[in-house]
Structure formats: structure tokens, C-alpha cells
Amino acid sequence: MSADTVQAVLDDLERTRPTLYRNVCDETGAVRRHLNVFVNADNVRDLDGLGTALQPGDVITIVPAVSGG
Amino acid sequence: MPDRVMLTIGTKKGVFVAEAPKTRRSFALRGPFGAGVPVYSTLVDSRGAPTVYASSCNPFFGMKVLKSTDMGKSFKETKSAPAFPKDDGRALVNIWSIEPGKAKKELWAGVEPASLFKSYDGGDSWEMVPGISNHEHARKWSPGNGGLCMHTIIRDGNRVHLGISTGGHYLSEDGGETFKASNTGVGAGFQPDPYPEFGQCVHKIARHDAAPGRLYMQNHGGWANWTGPGGPRPDIGVLRSDDYGHSWRSIARGLPSDFGFPIVVYPHDADTIYVMPLEPMTRTCPGGAPAVWRSENGGDSWLKLANGLPKKQSYFTILRDAMTIDDLKTPALYFGTTTGQLWIGREGGEKFECLFDALPPIHNVKVAVV
């Protein structure tokens, strides 16, 4: 996938895989509270959020948080 | 001819289905379906071939609607779930009620944050109902402990009654196009004005087809000893309306507590109702001894029903949708607890028996004869 930022990846997901996108983001476009988005090994929360810039070869991983009970 | 009694049990860990012959001597349990995900509302839609719906409220991946067309033996997600328009600014947190609409495949869903959605195709697509979802009060409602939920939807011809916590009772008399707050006589204990126009913490509303002007409400009571601004508010927890919900009066006298969550009407008599009083501070059974209370005269007096229930050391809670009654000739009452017990009250609550002792915490119990 070609994208400059994490947000651009999500935008592409919304266009091409809307059902999957709805599992990742709510109606406002925010990433769901219990999901974490990583660029390579770093949580975007510790980078520039969804505005985090991407470089060729970066791997994005979306992982549910460990929570519940 | 309907010959099976089907219970749907929405829990913190998915939905269970329990089925029995009309004798109801023993129920066979299956599930959980949507395992691990909280289910806050279920519906057995018996218009035509029975269809079971359940809201699967996934905190990780968002809301889903589950649907079964094989008597609750298997469930599949519908093609979509209610969702706010992208420019609305709100995001769905929970689905608190699913009710049948007017047309055969029409469904209505009450959600959190408090809004109403309709589906005309059995849950595959949904549209927001703007008359209440964008009501001028909608952005002024505030959440109770359970969240800002629309938990009660009652359709009565062109009248629609909605229960919102905390928002109050809203009434439409044009089929759901427009709504007005209709809370005259409905008290609130958590703000200086004891009888505000809206913002009450209504817990549940019920009615009977044979008495459409009559409504019963379990409101957030427990304010008899309030000493702050506005003074004490005794008996505001259990209410009745005789004018289609335009005004309400207390019927709480005689109960050990006016706090509780569910309120249920007996299927063969509009004057017979059930509540489950709880301690207002702890929301558990008074004195650790659970009891259902029944009135057979529309709330003028109350009778304690506890035969078969624990007499001590039981501190569970019964949530707003966790008590129901079937409509067989001799109806049975059912309630589920936050400690995962499902109880049956045979002969209208005369004799209680625990059907299942260790389910996950129970949010919702519905029953249908199919």
C-alpha cells in the first residue's frame, strides 16, 4: 500500500474495505479505544498519532489491547 | 401452534438461549453465542417464523447485531449495525433495546448515546430517527451509571414512548416523527429541581395492550432522605400514568424501597405488576433477602413474593431488562441476576426456582412462546 501517513492508510481502508474499517474506527473516524496502532514496533500514541509519517517498507499493525475481565 | 418456551439471556459474555416445552419443567441451555462480548438487548421476533436478535456490544470492534433464524441454534451478524452519520460527531457505544416495528421486517433500536434507529430489512441496514436523536434536548441529556442509554421503546399505534436514562420519558403522538418530554410528576433526586422538564433517570417503562392509556414506570428512587436543595423526594421511584404518559403519580407506597430497575406487567391483567425493590445506595437486595413485589390493583398495594428465594446473604442486582414474564395461561416470571443466576417464578411468582446458577452476569432476559 502506498500512503504518506497512518491516517492515509485508514482512509484507504475506509474506501476499499469498509467493513474492516468500521471494526477499527468509529463513526467519527477515531481509532476505537481498545485498539492500538503500531508503526513497526512503535505505538502511534508515542509518535505523532494518526499523523505519523510513513517511510517505504514500514509495517502497520493493529492490535486489540489486553483488557477485559 | 406455538409449543416451545424460548428464553434469550443477554450476558456480559454473550447470549444464551434456553428452551423448554410449555410445561417449563426444565430448560435446555445453549450458547454462548457472540461469546465473550456483552449483550445488552435481545428480541424474539415472533411475527412470522421466529427470529432472534441480539446486540453484541464489542468494546474492541464496535457494535454488531446478531440474528438467528433457527430458534437460536446459530447466529450470524446482520450486514450492518446502527451508526451515526459521519458528520454527527457522536459514536455508538451500546445498543440497549431492540423492538419490533410496524412492518414485518421493521426493527427499532435504542442506543447509547441516547438515540433511536430503525431498520426496514431485518437489521441489515439502519437509519437514525432525527425526531428524538436530534431533539433539542439530546445534547443536554447526561449519562447515568449505565451510560446515556435509550432503553425503552413502546409503540402504541401513533404513540411512541421512549425511556432515556438520564433524559426521562419522551412521547410521540405522530408515529415517531416528533417527540416531547413528558415527565409531569416524574421526580429526579440528583438535581436541585425535584421535578425538572427532562433529565430524569427513568429505569424502565411498561404497559399492557388492554389498557393503552396506562403506563407503569420504575424511576430512579431512593431520595426520601435527601436533605440538599429542594428537600426530600419520597416515593418518586415507582409511578403510574393514566393519561398515555402525559402525567405520572407515585404508586410506591407499601414497597420496602422505591429503588429498582425492571417493572413488568402481567400478561392477562393490566392491574397486575411486578417490581424488584433494591437498596438505593448499594443497588442490591434489601437485607440480602431478594424478593419480587407484586401489585394486583395497579399499585395501590403490594405483596411480597419470596417463596423459594434465598432468605439471606444474597446481594445481587437485577438490571432493567433482566425480568420478564411469559404469556401462557399460567404465566411464569423470570429474572436474571448480576451474579449469573436465572430464576423462574412459577405461577406468576408464587414459587421461585433457580434454573441456571452460574451464568455470566445477566443484562437481559426475554421470553416468547414460539
Which residue is farthest from B:Pro38 (Cα to Cα), if the candidates are limited to region A:36-69 and must be within 14 Å of another protein chain (Cβ to nearest Cβ) and either among the polar types (S, T, N, Q) or buried (at least 16 other Cβ atoms within 10 Å of the Cβ) (or both)? A:Val37
What's the number of the condition B:Phe61 fails, among (1) of a type in the set (A, V, I, L, M, F, W, C); (2) crowded, with 18+ Cβ neighbours inside 10 Å; (3) touching a helix residue (DSSP H, G or I) at 6+ places or on another chain (Cβ under 8 Å)? (2)
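Quickly run through region B:96-114 and pick out the residues that are more than 14 Å from every other protein chain (Cβ to nearest Cβ) and touching a Cys at 6+ places or on another chain (Cβ under 9 Å). Explain how you work it out, then say what you get.
Applying the first criterion (more than 14 Å from every other protein chain (Cβ to nearest Cβ)) to region B:96-114 yields B:96-110, B:114.
B:Trp96, B:Ser97, B:Gly110, B:Ala114, listed by residue number.
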Check on B:Pro143, within 22 Å of the chain's Cα centre (by Cα), over 22 Å from A:Asn23 (Cα atoms), crowded, with 17+ Cβ neighbours inside 10 Å and away from every other protein chain (no Cβ under 14 Å): no
Reported set for region B:71-80 where residues are part of a loop (DSSP other than H, G, I, E, B) and either farther than 16 Å from B:Val367 by Cα or within 14 Å of chain A (Cβ to nearest Cβ) (or both) is B:Ser74, B:Phe75, B:Thr78, B:Lys79, B:Ser80
Kindly indicate whether B:Tyr120 is more than 14 Å from the chain's Cα centre (by Cα) and crowded, with 23+ Cβ neighbours inside 10 Å. no
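Since every read-out is calculated from the coordinates, none of them should be taken as a lab result. This one's a predicted model, so the numbers in the text were calculated from it and none came from an experiment. Cβ coordinates were reconstructed from backbone atoms using ideal geometry, including for glycine residues, and neighbour counts include every protein chain displayed.
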